[in-house]
Amino acid sequence: MKNLIPVLATCMCMMSACLPSGKKETMKVPVNNALTQDVFVPEDHGYKLVWEDNFDGTELDTTKWKCRQTGPRRIGYNDPSMVKVENGNLLLMYDIKKDSVLASMVGTGETYMTTYGYFECRAKLQKGDGPWAAFWFQSPQISNGEDPGKFGTEIDIFEYFKGLGADTLTHCLHWAYGPNQKSSGQMTSYLEGLSEGFHTFALEWTDQKYSFFIDGLKYHEQTVGISNIDEYMILSMEIPATLEGIKNACAPDTFIVDYVKVYKR
């Protein structure tokens, strides 16, 4: 799964060889609403890889991740049985068993926290509408005050609500948990083909801004809610808050993660 580029290149060459003589194939540029079509390569911007998990082996590496918030969540339960590692992937699953709605979540809150950097995961999104895949940051102090610089920000690198459209996902920032909670407002990204196959989802977090990426293309920048404290990463298959929210869900369903990488300057 991690070496698709050479395979795709070979396929394109084979397709070109089959074209009628004198005709050239026109490469189709994916339709998207990115701010730029320039692909961001972290190493070209002074970043070096400092942390990664390729999900090799047959079980979750608990020196990097722990199952998070095991127990009741919205209308269901986070259950460690819904977390698996196989074939070089992390599987975060959703299912309905007997009278229970089960899903899964892992995080680095007990193993790895950091401030600033370029954070990327390669993943395949869930098939159904209702439960949703997410890659995000959380601050352990977010409920302790209203200054995001001191108390942190929930950074939703992406959330995939398929009801918004098969090729659409969202990003958001939240801080100052409590009666005066604030938010950046939902940012929407569109990429043709997003619902199929694997894609990369990334965040560049600096002391000045947040930048959100899909497949290396920058979609959004925000300069509000800047956190200046250590936070931790979360990968989750989220459960809706109402039974109405799962009426169009697929069960079982899976959020598949190929890798997570952290780069620092």
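The values are calculated or read from the model by the stated rules, or taken from the named source; none is laboratory data. These numbers were taken from a predicted model, which means no experiment stands behind them. In this analysis, Cβ positions are derived from the backbone assuming ideal geometry, glycine residues included, and neighbour counts consider all displayed protein chains. These area figures cover heavy atoms from the full protein model, side chains too; ligands, DNA and RNA do not enter into them. Shrake-Rupley method; radii C 1.70, N 1.55, O 1.52, S 1.80 Å.
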Whole-percent pair-distance distribution, where bins are 10 Å wide, for the alpha carbons of the chain: 7, 28, 36, 21, 6, 2, 0
Given a Förster radius of 25 Å and the C-beta distance between Q208 and E110 as r, what FRET efficiency does 1/(1 + (r/R0)^6) yield to the nearest 0.05? 0.25
Per principal axis, largest first, the Cα atoms of the stretch 140-203 extend in Å by 41, 20, 13
Provide the packing ranking of 89-102, 64-77, i.e. peptides ordered by the mean count of other C-beta atoms within 10 Å per residue, highest first. 89-102, 64-77
Let me know the shape class of the stretch 184-254, please: from the alpha-carbon gyration tensor, a ≥ b ≥ c as square roots of the eigenvalues, rounded when a/c is under 1.5, otherwise prolate if a/b is greater than b/c, or oblate. prolate
Once phi is turned into ³J(HN,Hα) by the Karplus curve 6.51 cos²θ - 1.76 cosθ + 1.60 with θ = phi - 60°, what whole-Hz value does each residue of the stretch 137-154 show in order, with x for glycine and proline? 10, 9, 9, x, 10, 4, 8, 8, x, 9, 8, x, x, 9, 10, x, 9, 6
Cα gyration tensor shape for the stretch 66-223, rounded if a/c is under 1.5, else prolate or oblate: oblate
Specify which residue in the list L169, S236, I246 is farthest towards the positive end of the charge dipole of the stretch 120-265, using unit charges on the beta carbon of Lys, Arg (+1) and Asp, Glu (-1), about the Cα centre. S236
Projected-area average for the stretch 87-127 over all orientations - Cα convex hull basis, square nanometres: 5.0
Among L191, L235, L243, whose mean-square fluctuation peaks in a Gaussian network model of the chain (Cα, cutoff 10 Å)? L243
Give the carbon-plus-sulfur fraction of the accessible surface of the chain in %, rounded to a whole number; probe 1.4 Å, heavy atoms of protein chains only. 53
Coordinate range along principal axes, alpha carbons of the stretch 80-165, Å, largest first: 43, 28, 27
Please compute the per residue accessible area over the stretch 66-153 with all protein chains in place, 1.4 Å probe, rounded to a whole number of Å². 41
List the relative contact order of the chain as a percent without decimals, with contacts defined as Cα pairs under 8 Å and 6+ residues apart. 29
Rounded FRET efficiency, nearest 0.05, which uses the C-beta distance separating I75 from R265 and R0 of 41 Å: 0.45
Gaussian network model of the chain, Cα within-10 Å springs - most flexible of P179, P148, P252: P179
Whether the stretch 38-136 is rounded, prolate or oblate, judged on the alpha carbon gyration tensor where a/c under 1.5 counts as rounded: prolate
Using a probe radius of 1.4 Å on heavy atoms only, what accessible surface per residue do you get for the stretch 160-235? Whole Å² is fine. 36
Using a Gaussian network model of the chain whose springs link C-alpha atoms within less than 10 Å, name the residue from L194, L49, L203 with the highest mean-square fluctuation. L49
Starting from 0.36 nm per residue, how many nanometres of slack lie between I96 and T223 once their C-alpha separation is accounted for? 41.7 nm
If R0 is 30 Å, what FRET efficiency do you get for A166 and N144 from their C-beta distance, rounded to 0.05? 0.15
